Amino acid sequence: MTERPVLVVDDDPKIVTLVGAYLRRAGYDVISAGDGIFAQRLIRERSPRLVVLDVMLPGLDGLALTRSLRDRHHAIPVLMMSAKGSVEDRLLGLIEGADDYLPKP
C-alpha cells in the first residue's frame, strides 16, 4: 500500500505547482484539485494525510469543505492558505475547523 498523499487544493495552477514542488522535495506524494467538489471526491477516494486548502474555490469553497469534513468527523489535518488574511478571516477559518491558517502574501 502506498503512503497517503498530501492534497493541495487551489484554483491557481501556479500555487498548486509551487506548493506541490516543495512538498515533493520534502518527500511527500502530492495530489491536487482546482475546486472544492473535486477535492471532496479525492478526500473520499484517497484519504490524504493533510489537506492544504485555499478558501476561495469554485464549486465548494474551502470553508464549506472544511465544515463538511468536520461534520463527518474526519480527523484529516487542514491547513488553510488564502489571500484572505485579515484577523477575521483567519478566525473564521479556525472556527470552521482548520488546524492552521496561513495567509498568502
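The values are calculated or read from the model by the stated rules, or taken from the named source; none is laboratory data. Computed from a predicted model, the values in this text were never measured in an experiment. We place every Cβ from the backbone using ideal geometry, glycine too, and count neighbours over all the protein chains shown. Heavy atoms of the whole protein, side chains included, go into the accessibility calculation; ligands, DNA and RNA do not. Shrake-Rupley method; radii C 1.70, N 1.55, O 1.52, S 1.80 Å.
When the charge dipole of the chain is built from unit charges on Cβ atoms (+1 for Lys and Arg, -1 for Asp and Glu) and taken about the Cα centre, the candidate among 57, 101, 16 whose Cα reaches farthest toward its positive end is 16. Entry note, the chain: the mean residue ellipticity at 222 nm calculated from DSSP H runs of n ≥ 4, each adding -39500 (n - 2.57), is -12500 deg cm²/dmol after division by the residues and rounding to the nearest 500.
For the stretch 1-61, the solvent-accessible area of protein heavy atoms averages 58 Å² per residue (probe radius 1.4 Å; ligands and nucleic acids excluded).
The Rg/Rh ratio of the stretch 35-105, with both radii computed over alpha carbons and Rh defined as the Kirkwood radius, is 0.94. As a rough guide to protection, the peptides 74-84, 45-55, 20-30 ranked by mean Cβ packing within 10 Å, highest first, stand as 45-55, 74-84, 20-30. With the simple model of a label 7 Å out from the Cα in the direction of the Cβ, residue 94 to residue 3 spans 3.0 nm. Ligands, DNA and RNA left out, the accessible area of the chain computed with a 1.4 Å probe is 56% carbon and sulfur. Residue 3 sits among other residues whose Cβ lies under 10 Å from its own Cβ, and their net charge, with Lys and Arg +1 and Asp and Glu -1, is +1.
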